[in-house]
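S.K.: Here it is, the structure, as structure tokens.
The values are calculated or read from the model by the stated rules, or taken from the named source; none is laboratory data. Not measured: the values here are computed from a predicted model. So basically every Cβ, Gly included, is an ideal-geometry build from the backbone, and we count neighbours across all protein chains shown. To get the accessible areas, we keep the full protein, side chains included, count just its heavy atoms, and leave off ligands, DNA and RNA. Shrake-Rupley method; radii C 1.70, N 1.55, O 1.52, S 1.80 Å.
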Amino acid sequence: MTSDPPSQDLLHDTASVFGMLAATVRLHIMWLLADGERDVGALAEELGQSVATVSHHLGKLKAAG
């Protein structure tokens, strides 16, 4: 069974999501948040990153939806 090819918009959106998750720290944040909510300080401690760094990456994830 052959399906219709994906639209350019769908391909672009999908590539953007993969690009957003290509940063290991953002992927790690998503992994941790899948297990439950955490505040920025707790995430920073678990990731071994500064609060500013984690906040920056959370902002990027939020902007990406």
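S.K.: For region 55-65: of the residues being open to solvent by 50 Å² or more (accessible area, probe 1.4 Å) and small (Gly, Ala, Ser), which is farthest from MET20 (Cα to Cα)?
M.R.: Ranking the qualifying residues of region 55-65, first place goes to SER55.
S.K.: Which residue out of ALA15, ALA42, ALA52 is assigned to a helix (DSSP H, G or I) and either surrounded by 11 or more Cβ atoms within 10 Å (Cβ to Cβ) or not aliphatic (A, V, I, L, M) (or both)?
M.R.: After ruling out the rest, the residue left standing is ALA42.
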